[in-house]
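Notes for the one structure printed next.
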Amino acid sequence: QVQLVESGGGLVQPGGSLRLSCAASGSIVNVNAMGWYRQAPGKQRELVATIVGGGSTNYANSVKGRFTISRDNAKNTVYLQMNSLKPDDTAVYYCNAGLYISSSYLPGSSWGQGTQVTVSS
């Protein structure tokens, strides 16, 4: 079982920036990819960004060019740098430890508690 703890959310004005962190612990030996998801009120959870063990990344079209996912393997931590934030980015953000197979991200069963990001003036 993998344990995930997100942090770094908060209230920010449109155009501002935030950096989210996700610390992983536990049985991470079989994890070859990490993903950030978000869920806005009344909407389904959506995949925002993924990073594979070798460092390759993928992004949803809605955040491409504004968000950057990265990882520090020594700290078992994944980050999501979010720039040029918009009100539509308001959501609870979750990280997930999964697998990247055949160009697709397969989410694992472990989720963190989430961190709230609110973009508002």
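The values are calculated or read from the model by the stated rules, or taken from the named source; none is laboratory data. Bear in mind the structure is a predicted one, so any value in this text is a computation, not a measurement. Protein only, heavy atoms only, side chains kept; ligands, DNA and RNA dropped before computing areas. Shrake-Rupley method; radii C 1.70, N 1.55, O 1.52, S 1.80 Å.
Summary of computed values
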{"read-out": "Solvent-accessible area per residue, Å², over the stretch 1-82 with all protein chains present [probe radius 1.4 Å]", "value": "53 Å²"}
{"read-out": "Whole-Å distance, taken between Cα centres, linking the stretch 11-52 and the stretch 85-117", "value": "4 Å"}
{"read-out": "Fraction of antiparallel bridges per DSSP, the chain only, in percent to nearest 5", "value": "95 percent"}
{"read-out": "Portion, in percent, of the accessible area of the chain that falls on carbon or sulfur, probe 1.4 Å", "value": "48 percent"}
{"read-out": "Translational D in µm²/s for the chain (Stokes-Einstein at 20 °C, 1.002 mPa s, Kirkwood Rh from C-alpha pairs)", "value": "151 µm²/s"}
{"read-out": "Amide H within-cut-off set for GLY10, under 5 Å, with H built and near neighbours excluded", "value": "VAL117, THR118"}
